[in-house]
1. What is the helix-to-structure angle for 43-71, meaning the angle in degrees between its Cα long axis and the longest Cα principal axis of the chain, kept from 0 to 90 and rounded to the nearest 10?
2. Nearest 500 deg cm²/dmol is fine: what mean residue ellipticity at 222 nm does the chain get from its DSSP H runs of n ≥ 4 alone, each adding -39,500 (n - 2.57), divided by its residue count?
3. Go ahead and set up a Gaussian network model of the chain, Cα springs under 10 Å, then flag whichever of 154, 53, 80 fluctuates most.
4. Which percent of Cα pairs goes in each bin when the distances of the chain are cut into 10 angstrom slices starting at zero?
5. With each label point set 7 Å from Cα along the Cα-Cβ vector, what nm distance links residue 38 and residue 178?
6. Find the relative contact order for the chain and round it to a whole percent, using C-alpha pairs within less than 8 Å whose residues are 6+ positions apart.
7. What is the angle, in °, between the Cα long axis of helix 109-118 and the longest principal axis of the Cα atoms in the chain? Nearest 10 is fine, range 0 to 90.
8. Using packing as a proxy for protection, rank 164-176, 111-123, 32-44 so that the peptide with the highest average count of other Cβ atoms within 10 Å comes first.
């Protein structure tokens, strides 16, 4: 794909990732000024759910890029969006964490320590954020050069661990009987299963090419 189209698509991707934040900020403004019901009866819960769901969706989209590229080689240019989408996932994760630290814990270390020790969904959520942190810190070109391509790729397997932990956080955070995390769980499970299946398929194809007689 030509560079100008990549640039245009990146503009669209930035708008798609930032659009929900603009929507949230606008409704927060409405809620604080003219329309107290703009974010529903429980604005804090709405903001928490909104940012958490955004984090998981972006993580899943980021993880989907590799299997899509392997299935459809013509879409190999998607790799140029993976780092950007991963950073947006971390951005939403930070908003989600800040919602808890500010609106639930009130910046109280004692309250946070108590929650982490007693509420397993808080523990899982913090673990997911900590798994994303080294990925965000090593997302620069300088970091990739210093780590080396292979080490950098190994480190970024943490994306899968963060997504799995995030989904666990989601399930533990909803009330018993609520099934809203089901869709994101199924999509993530498909992506996890696709990885070894596509790797096996690629290995079989290379083995077949190697067996073709030359001359």
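Every number in this text was worked out from the coordinates using simple rules, so none of it is lab data. Values in this document were obtained by computation on a predicted structure and should not be read as measured data. Cβ coordinates were reconstructed from backbone atoms using ideal geometry, including for glycine residues, and neighbour counts include every protein chain displayed.
1. On a 0 to 90 degree scale, this one is about 0.
2. Values: 9 runs with 168 residues, N = 215.
Using -39500 (n - 2.57) per qualifying helix, the result is -26500 deg cm²/dmol.
3. Highest fluctuation of the listed residues: 154.
4. All Cα pairs considered, the percentages come to 7, 27, 33, 21, 9, 3, 1, 0.
5. Between residue 38 and residue 178, the label points sit 2.4 nm apart.
6. Details: 151 pairs, mean separation 41.9, N = 215.
The normalised contact order for the chain reaches 19 percent.
7. Tilt of helix 109-118: around 60 degrees.
8. Descending packing order for the listed peptides: 164-176, 111-123, 32-44.
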